[in-house]
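The values are calculated or read from the model by the stated rules, or taken from the named source; none is laboratory data. Just so it is clear, the model here is predicted, and its values are computed rather than measured. Reconstructed Cβ throughout: ideal geometry from the backbone, glycine too, with neighbour counts over all protein chains shown. Note: areas computed on protein heavy atoms with side chains; ligands, DNA, RNA excluded. Shrake-Rupley method; radii C 1.70, N 1.55, O 1.52, S 1.80 Å.
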Amino acid sequence: MGIRILECKTKENSPKRRKVCKNSMVMESNDSGSTPLGPKGLIRKHEFVRIIIQCLLSLGFAKSASCLELESGISYKSKEFELIESEILNSKWDECIKFLSGVKGLSDEIRSSALFLVIKHYLKECMSRGDDSAALDFLQKRVSDLKMGTEKVHNLAFDMISTNVTGGSEANDNVCESRKRLLDELENLLPSPIALPERRLEHLVETNIASQIDSCLYHNFSGAVSIYEDHCCGRDQIPTETLQILTAHKNEVWFVQFSYNGQYLASSSSDCTAIIWKVADDGKFSVKHALQSHQKAVSFVAWSPDDTMLLTCGNVEVVKLWDVETGTCKRSFGDPGFIVSSCAWFPDSKRLVCGSSDPEKGICMWDCEGNELRVWRGARMPKVLDLAVTSDGDHLISVFSDKDIRILNVVTSSEHVISEEHPITSLSVSADGKFFIVNLNSQEIHLWDVDGKWKKPLKYTGHSQNKYVIRSCFGGFNSSFIASGSENSEVYIWKRQKSEPIAILSGHSMTVNSVSWNPRNPHMLASASDDHTIRVWGPTKSKADDRVLVKESF
């Protein structure tokens, strides 16, 4: 039986519009063999004009789009889609279904999905005007011939049963709006050249800009960039100049780390102290708290993700938990025999893990009240040199037995191990939790993916490391850079895609042990050195006297 339903008259199917579109399609067909655009001849003119018209429409410039169609003789909509549109708006459901069933260039999946949308809409219209028998008859006699798949047929039947019919026929305007929404869905579903991908010109421009940004050595900011010329940042986008020198520590500074909100910096030293530095709005640093409870050198610190607490690891000593606001020690974890190598937080700021270089201790998980929640130890967990937790809390990454990296999924308990050829001294995880870097004493830094899909790492060279623990970090906008200390007293910065450094920062007089990039300010970097100082680096300024020396006693 034929499908009967009310027609929906719009300007799109007026005789004048049909004539313009008909002529446009003829001209588009003839134009397809014309000279391509661009100096390299890679752009087809009619395709380029089509996506310009689409862009004008998406920006709300309908009159300009119509003028361009008339002047160029090229229609935004293809002949095939014009036909689909006409059949839907004029209630020619049989013809529309027949056309979609036979049109060339569609995969079985897309054809099935398009038919599903059209038939679902037709059945909905039948049900909304109370014509249940027509909907049921179509479902029983016609759908099986369309090869839509059992699941889609069941979905259609379910939609019929569950539709909440209010009774009476819909207003003609509502039917028209509903059909236009159907056309929008089909336009997003059908492939080119029948329909254009949504916002195609914007996508092409953004893809080109993204490619230019990726190839830009120094790009280090978020937001829009100019499209008037090819994008290229200067070296002043990355921190290369010393802005402040912090000298409150009385001995070698072994570690630095910015808080997650970027408002604080924590440092640890062989002088048995850790310091919490306040970062003012103008970028100046001052001592907020000096943490003096440790009896031995403090080798490591770790901020809670909510920035309210700080862990400090004493060298061959217990781990201490500090309140950031008051500077008081809230609790100690472990015992004097618990040789801590590293510690990390889970993202809930309620659980923490500590690794021990004592094979019998392994890795322990505690809550903030000091209750032991979980332990990993035994023959498969020898001494732990460093560890980290990904930002989603799913993976615990640890360095053990000098050369092995263990990535444990704490949810599923699955794991995989990566073996390096040379001893590993430190580990750092990217902010998105997808990648991590390890420093090797072979004077290389290796970048690995957490999921374990990579067979080989990306490698970074140029710095000096063969005797001491040197720590590196991700940083900058979108973690696009890697920074590391070095035994030759310099700081090295790499673009993640480049193996050679793009900047070498001089200023320290002894080994640079650790670096940290401010997660909220992509232009601020801190470095800790055996020369007893912390240097804060920023973009190059014109005046050298902007440098500040911060020295406080406690």
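Laid out as a table, the results:
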| item | result |
| --- | --- |
| Sorted peptide list for 287-300, 480-493, criterion being average Cβ within 10 angstrom, highest first | 480-493, 287-300 |
| Carbon plus sulfur fraction of accessible area for the range 41-135, probe 1.4 Å, in percent | 57 percent |
| Convex hull of Cα atoms in the range 244-302, direction-averaged projection (nm²) | 3.8 nm² |
| Ranked by how many other beta carbons lie within 10 Å on average, peptides 303-312, 36-45 from highest | 303-312, 36-45 |
| Cα centroid separation - the range 43-58 against the range 236-264, whole Å | 51 Å |
| Sequence ranges 323-334, 392-403, ranked by mean other-Cβ count within 10 angstrom, highest first | 392-403, 323-334 |
| Sulfur and carbon atoms: percent of accessible area, the range 217-301 [1.4 Å] | 47 percent |
